[in-house]
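Report on one structure; see the data block that follows.
The values are calculated or read from the model by the stated rules, or taken from the named source; none is laboratory data. Note that the structure is predicted; figures quoted are calculated from it, not measured. We place every Cβ from the backbone using ideal geometry, glycine too, and count neighbours over all the protein chains shown.
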Amino acid sequence: MAWFVLVVSGVLEAVWATALGASKGFSRWRPTLLFAVALVASMAGLAWAMTSLPTGTAYAVWVGIGATLTVLWGFLTGKDRATWGKSLLLVLLIGSIIGLKAVS
């Protein structure tokens with residue numbers, strides 16, 4: 001169950017990171033509200049998952065999921081340009097996340 005909560009929390013990290021950018025310095029209320037809700041939920045899930053998972057592994061997986069999804073969202077929306085180099089690095093990041101789960 002801790003791994004499931006950790007993955008959902010990682011997805012919420014991507015949500016709050018994207019909402020933070022869309023808030024334009026907290027000047028737009030809808031993205032700001034989404035940022036706040038997703039941030040609290042993401043942190044709460046991470047904290048709960050860390051009660052039964054190693055802190056370093058949980059944090060690395062959480063950050064990796066959030067970072068990967070945030071970059072992929074940038075690719076999909078056209079706000080970030082997908083290149084072979086970025087794509088290769090994302091594959092390596094995903095492989096590292098899977099590796100951390102495999103050895104835990």
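Points worth noting:
- Residue check for residue 62: out of contact with any Phe, Trp or Tyr (no Cβ under 7 Å at 6 or more places or on another chain), modelled with pLDDT of 95 or more and closer than 20 Å to residue 22 by Cβ: no
- Residue check, residue 100 surrounded by 13 or more Cβ atoms within 10 Å (Cβ to Cβ) and within 14 Å of residue 5 (Cβ to Cβ): no
- Residues in the stretch 9-27 that are more than 21 Å from residue 75 (Cα to Cα) and either surrounded by 13 or more Cβ atoms within 10 Å (Cβ to Cβ) or under 14 Å from the mean Cα position of the chain (by Cα) (or both): 9 alone.
- Within the stretch 41-74, considering residues that are among the hydroxyl-bearing types (Ser, Thr, Tyr) and buried (at least 17 other Cβ atoms within 10 Å of the Cβ), the one farthest from the chain's Cα centre (by Cα): 57
- Some residue of the stretch 2-24 being of a type in the set (A, V, I, L, M, F, W, C), touching a residue at least 60 places away in the same chain (Cβ under 8 Å), out of contact with any strand residue (DSSP E or B) (no Cβ under 6 Å at 6 or more places or on another chain) and under 29 Å from residue 87 (Cα atoms): yes
- Among the residues of the stretch 1-33, those that are more than 30 Å from residue 101 (Cβ to Cβ) and part of a helix (DSSP H, G or I) comprise 22, 29, 30, 31, 32, 33.
- Complete set of residues in the stretch 20-38 that are among the aliphatic types (A, V, I, L, M) and touching a Leu at 6+ places or on another chain (Cβ under 7 Å): 38
- Any hit, the stretch 14-32, residues being among the aromatic types (Phe, Trp, Tyr) and on the phi > 0 side of the Ramachandran plot: yes
- Neighbours by Cβ (under 9 Å, 6+ apart or cross-chain): first from the stretch 77-104, in contact (Cβ under 8 Å) with a residue 12 or more places away in the chain and within 24 Å of residue 15 (Cβ to Cβ); second surrounded by fewer than 13 Cβ atoms within 10 Å (Cβ to Cβ) and not basic (Lys, Arg): 100/56
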